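The values are calculated or read from the model by the stated rules, or taken from the named source; none is laboratory data. Just so we're clear, the structure is a prediction, and the values are computed from it rather than from any experiment. Methodologically, a virtual Cβ is constructed for each residue, glycine included, from the backbone with ideal geometry; neighbour enumeration extends over all protein chains shown.
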Amino acid sequence: MSNFDIMITRFDANPEFGQMVPEERKALYDLTIKNKCTKILEVGTWKGVGSTYILASAAKANGGHLYSIENDKANHDIAEDIYNTDLSFLKVYVCLILGDSTEKIKEISKEIQFDMVFLDGAEDGERTFNDFNLVKNDIKIVACHDWFTKKTEKIRPYLESSKDYEQISLIETSPTGFSAFKRVKRVKNENDITR
């Protein structure tokens, strides 16, 4: 069993490795690889060893880069330490960013056109939807953890009813759910999205 396989399945043994179940981790990795995503944005680093590790591994495999935003300084510092030590082999593929997700997305999206966003930040449906709206015109893949929680209460009905996205993954068997969508056509302008 490879180190990557161990990391994907380790959730059952130790929740310190993140809150995503192995099936969600594998789906996130596979859809990132299959869609050849190279400029990946993650909202919600946590400690950097769950979805951040999965996305960093996919970024490495695709020759890309992960930009991961965390608003909690203690968690951000833990992630920084881990990527400077145990996961230093992935450091070149990861930019760990401390701060408010909405403000940081506004800053970095001026220079980077992301092709994928993974939303797993604050338990705030409005914030999740606002963060998505900041990158919606560029991305080809949007994935969300906690699909059945308050975190996605605004984005979930939009994506499920949108003609611009098709659902490519849905995991209902985990405690909070996971879903991913692929863009099928470009949004014409910002007025096309309503709340």
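Residue 107 meets the conditions (1) among the acidic types (Asp, Glu); (2) free of Cβ contacts under 8 Å to residues at least 24 places away in the same chain; (3) touching a strand residue (DSSP E or B) at 6+ places or on another chain (Cβ under 6 Å) in every case but one. The failed one is (3). Checked against the criterion of being closer than 24 Å to residue 137 by Cβ, touching a strand residue (DSSP E or B) at 6+ places or on another chain (Cβ under 9 Å) and charged (D, E, K, R), the range 69-76 has no qualifying residue.
For the range 80-110, residues that are among the basic types (Lys, Arg), closer than 14 Å to residue 69 by Cα and either over 18 Å from the mean Cα position of the chain (by Cα) or exposed (fewer than 15 other Cβ atoms within 10 Å of the Cβ) (or both) total 1.
Residues that are modelled with pLDDT of 95 or more and either over 19 Å from residue 94 (Cβ atoms) or aliphatic (A, V, I, L, M) (or both): list the helices (runs of 4 or more DSSP H) wholly contained in the range 1-67 that include at least 1 such residues.
Passing ranges, in order: 22-34, 51-62.
Of all residue pairs spaced 6 or more apart or on separate chains, those with beta-carbon atoms under 9 Å, a first member in the range 174-186 that is modelled with pLDDT under 95 and a second member that is acidic (Asp, Glu) and in a strand (DSSP E or B) are 184/166.
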